[in-house]
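Notes for the one structure printed next.
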Amino acid sequence: MKKILPFFILLLFAGNALALSVELGIDEVLIVDDTIVTFDVAQNNPNLVFLLLESENTSLIKGLHFGESVFFEGVNYTVGSLDMNTLTLKLHLSGNYSGVEVLKKRDFSVSLVETFDAYVRVKVENTGYYEINDTLVILAQGVEIEERPIVLKPGEGLTLKVSPPYTQLTFMLKEAKLSKTITVTSTEELVTIERIWKDKKLQVLLRNHGDPVNVTVKLLVSGMTLDKKEVYLNSKGEREVVFETDAVQGTVLVDYGVIKQESFYFEMPRISLTRIEKEKDMLKIWLRNDGKTAFSGRVSIYQNSVIVGEPYFADVTIIPDEEVSLEFKVPEEAQILTVGVMSPSYSATFPISLRAELSAKAVNSYAKGILGRSVSYVISLTGSGKASFGVEGLPDSIKAYFYYGDTQVKELDVVQNAQVTLVLKLPNLPQGFMLNEPIDFNVTVNEIKIPLKLEVGGIGILPVYGDNWLAKVNYTSEHHHVGLPYRVGADLLPALKGEGSNELTPRHWQGGLRGFI
């Protein structure tokens with residue numbers, strides 16, 4: 001430490017001359033350019049001061065009283081006052097010189113370099129004029145924790161690592177009886193947990209901010225140690241620690257001489273089905289993770305709780321805010337399916353409807369029937385929706401009925417697919433159509449028109465009444481087939497008048513053959 005009083009500059013002759021007053025302690029050295037100045041006091045005469053002046057080539061020791069001077073290497077040194085309590089001498093300098101410095105004969109400094117929760121590193125530096133060759137004692141809260149020899153030339157220093165980081169440390173030179181005390185007010189974490197995340201496994205990123213260190217890393221779940229890892233961290237290095245677990249909540253504990261812990265909780269992934277496409281038997285789905293935790297698991301396609309998709313399981317990883325697409329081969333006719341998303345810690349299902357527009361077709365588009373009987377057509381319905389049934393182009397004498405199973409229907413709610421039977425009731429006589437000639441008509445399913453053909457054959461069947469015949473006996477035969485002899489009782493009679501000619505027309509058939517007998 002310099003003890004130089006405010007100085008002033010005197011202009012002497014034609015050049016510059018400096019004059020100043022300097023305080024010099026008994027344990028200090030005054031350096032004036034290349035001259036070293038020290039002093040001592042005579043034990044039997046406190047008013048006598050011995051000045052020792054040394055330069056590179058010469059030296060001088062001079063006893064001086066107050067006000068006396070000595071000239072050395074171009075500088076005049078005048079003895080001023082002496083404080084006997086502190087043994088501090090005031091010297092007045094004048095002459096030609098360029099620099100003045102006051103140093104302790106023996107001194108050192110201690111400064112903090114690093115302050116971690118596991119250790120502190122300090123720098124010890126020789127700040128005195130002479131070499132330090134001593135024993136350094138380190139004390140913490142007054143208790144000695146380390147002792148070591150130390151040799152330092154002026155200006156040299158060394159660093160020391162002290163563990164643990166005590167709040168107050170004292171460094172003492174045993175022989176010189178010099179000591180320095182430092183206070184550690186705050187520390188930083190040597191090892192920090194930078195990040196905890198979960199992919200397929202739980203991962204922890206550690207960072208070392210200081211010297212290489214061995215670290216024990218434990219995974220605690222519900223207070224119990226589930227797993228433990230021993231890792232080595234290089235200086236200023238990072239290290240990922242991986243735990244084989246699907247835990248979503250727990251605590252990571254690190255021990256490097258200091259114990260630190262950090263709890264973690266992962267929200268469940270939030271998987272949503274954003275889009276579906278189906279072309280024939282290929283189903284494509286899009287899944288998105290709207291959660292904060294990555295999903296890693298399997299996806300399957302179900303129909304009625306049975307896996308129907310190929311492949312059976314598709315492995316997939318979806319990180320937060322990411323969307324992925326998957327393809328499955330499914331039954332082409334499938335319309336109601338379920339997407340199953342599964343992992344050890346998360347599951348979700350998404351029912352999907354692949355309902356196509358309702359379509360209809362005839363299984364048989366042609367039928368031939370006999371008068372007085374019925375014919376049927378099978379209509380196949382594919383898709384889902386409400387179906388309304390009707391016919392177009394049939395004669396009024398032919399009646400149409402639709403059946404779903406044994407139930408007569410006019411409308412039907414179709415789910416996936418269904419079959420409906422069209423039954424045509426044919427009249428006893430060909431009214432409004434010709435026998436053995438095709439009749440074209442349509443079945444309508446909503447706005448869908450299905451063209452069909454019908455051909456009717458056979459012989460007309462008529463009731464015969466005999467209320468005015470012969471003996472006026474009121475008698476009705478069973479039936480009479482047009483063009484054939486008819487029977488009344490046990491007799492076989494010839495064909496009716498007009499049969500085989502144009503006189504017998506459908507107009508005459510209504511109400512039987514009354515009037516022709």
Inset, instruction - Can you work out which of the residues in region 82-107 that are outside any strand (DSSP E or B) and under 30 Å from residue 138 (Cα atoms) is nearest to the chain's Cα centre (by Cα)? - result: 107
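Determine whether region 199-222 contains at least one residue that is under 22 Å from residue 161 (Cβ atoms), open to solvent by 80 Å² or more (accessible area, probe 1.4 Å), modelled with pLDDT of 95 or more and within 26 Å of the chain's Cα centre (by Cα). Outline the logic, then answer.
Pass one, region 199-222, residues under 22 Å from residue 161 (Cβ atoms): 206-216.
Remaining after also requiring open to solvent by 80 Å² or more (accessible area, probe 1.4 Å): 207, 214.
The next check asks that each one be modelled with pLDDT of 95 or more; those that pass are 207, 214.
With within 26 Å of the chain's Cα centre (by Cα) added as a condition, the list becomes 207.
The answer is yes, given that some residue of region 199-222 is under 22 Å from residue 161 (Cβ atoms), open to solvent by 80 Å² or more (accessible area, probe 1.4 Å), modelled with pLDDT of 95 or more and within 26 Å of the chain's Cα centre (by Cα).
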Inset, instruction - Could you tell me which of the residues 122, 79, 110 is in a strand (DSSP E or B), over 56 Å from the mean Cα position of the chain (by Cα) and not charged (D, E, K, R)? - result: 79
Legend entry - Residue, nearest to residue 37 (Cα to Cα), within region 59-70, restricted to residues that are in contact (Cβ under 8 Å) with a residue 12 or more places away in the chain, part of a strand (DSSP E or B) and of a type outside the set (Gly, Ala, Ser): 60
Inset, instruction - Name the strands (runs of 3 or more DSSP E) wholly inside region 1-58 in which the number of residues that are modelled with pLDDT of 90 or more is 3 or more. - result: 15-25, 28-32, 35-42, 45-54
Legend entry - Residue count, region 101-135 (criterion: open to solvent by less than 30 Å² (accessible area, probe 1.4 Å), in contact (Cβ under 8 Å) with a residue 60 or more places away in the chain and over 30 Å from residue 187 (Cβ atoms)): 1
Legend entry - Failed item in (1) under 28 Å from residue 267 (Cβ atoms); (2) of a type in the set (Lys, Arg); (3) outside any strand (DSSP E or B), with residue 236 passing the rest: (1)
Inset, instruction - Answer yes or no as to whether residue 418 is more than 55 Å from the chain's Cα centre (by Cα) and open to solvent by less than 50 Å² (accessible area, probe 1.4 Å). - result: no
Inset, instruction - Scan region 385-403 and give yes if some residue there is open to solvent by 20 Å² or more (accessible area, probe 1.4 Å) and at pLDDT below 90, otherwise no. - result: yes
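Answer yes or no: is there a residue in region 105-125 that is more than 30 Å from residue 215 (Cβ to Cβ), of a type in the set (A, V, I, L, M, F, W, C) and in contact with a Lys or Arg (Cβ under 8 Å, 6 or more places away or on another chain). Spell out the reasoning first.
Of all residues in region 105-125, those more than 30 Å from residue 215 (Cβ to Cβ) come to 105-109, 125.
Going one step further and asking which of them are of a type in the set (A, V, I, L, M, F, W, C), we end up with 108.
Then drop every residue that is not in contact with a Lys or Arg (Cβ under 8 Å, 6 or more places away or on another chain), which leaves 108.
Yes: one or more hits.
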Inset, instruction - For residues that are surrounded by 15 or more Cβ atoms within 10 Å (Cβ to Cβ), in a strand (DSSP E or B) and touching an Asp or Glu at 6+ places or on another chain (Cβ under 8 Å), tally how many sit in region 311-343. - result: 2
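I'd like the full set of residues that are farther than 23 Å from residue 294 by Cβ and touching a strand residue (DSSP E or B) at 6+ places or on another chain (Cβ under 6 Å), limited to region 246-274.
253, 254, 255, 256, 260, 261
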Legend entry - Pairs where the first residue, in region 148-168, is under 25 Å from residue 29 (Cα atoms) and the second is open to solvent by 70 Å² or more (accessible area, probe 1.4 Å) and among the basic types (Lys, Arg), C-beta under 9 Å, 6+ apart: 157/123; 158/123
Inset, instruction - Could you tell me whether any residue of region 73-89 is in contact with a strand residue (DSSP E or B) (Cβ under 8 Å, 6 or more places away or on another chain), open to solvent by less than 30 Å² (accessible area, probe 1.4 Å) and aromatic (Phe, Trp, Tyr)? - result: yes
Inset, instruction - Kindly check whether there is at least one residue in region 159-172 that is modelled with pLDDT of 95 or more and not in a strand (DSSP E or B). - result: no
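Sort out which residues of region 248-274 are farther than 30 Å from residue 298 by Cβ and part of a strand (DSSP E or B), and write them in order of number.
The first filter runs over region 248-274 and keeps only residues farther than 30 Å from residue 298 by Cβ, leaving 253-262.
Within region 248-274, 253, 254, 255, 259, 260, 261, 262 meet the criteria.
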Inset, instruction - With the condition kept exactly as written, say whether any residue in region 282-299 is under 30 Å from residue 443 (Cα atoms), in a loop (DSSP other than H, G, I, E, B) and either in contact (Cβ under 8 Å) with a residue 60 or more places away in the chain or hydrophobic (A, V, I, L, M, F, W, C) (or both). - result: no
Inset, instruction - Can you give me the number of residues within region 364-384 that are open to solvent by 60 Å² or more (accessible area, probe 1.4 Å), in contact with a Pro (Cβ under 9 Å, 6 or more places away or on another chain) and not in a strand (DSSP E or B)? - result: 1
Inset, instruction - Go over the candidates 277, 175 one by one and state the one that is touching a strand residue (DSSP E or B) at 6+ places or on another chain (Cβ under 7 Å), at pLDDT below 95, open to solvent by 80 Å² or more (accessible area, probe 1.4 Å) and part of a strand (DSSP E or B). - result: 277
Inset, instruction - All but one of (1) touching an Asp or Glu at 6+ places or on another chain (Cβ under 9 Å); (2) surrounded by 12 or more Cβ atoms within 10 Å (Cβ to Cβ) hold for residue 69, so report the exception by its number. - result: (1)
Inset, instruction - Starting from region 417-433, keep only residues that are farther than 16 Å from residue 394 by Cα, then list their pairs with residues that are open to solvent by 20 Å² or more (accessible area, probe 1.4 Å) and acidic (Asp, Glu) whose Cβ atoms are within a distance under 9 Å, requiring at least 6 positions of separation or different chains. - result: 417/333
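The values are calculated or read from the model by the stated rules, or taken from the named source; none is laboratory data. If you're wondering where the values come from, they're calculated on a predicted model, not measured in any experiment. Note: ideal-geometry Cβ built from the backbone for every residue, glycine included; neighbour counts use all protein chains shown. Areas reflect the complete protein model, heavy atoms only, side chains present, ligands, DNA and RNA absent. Shrake-Rupley method; radii C 1.70, N 1.55, O 1.52, S 1.80 Å.
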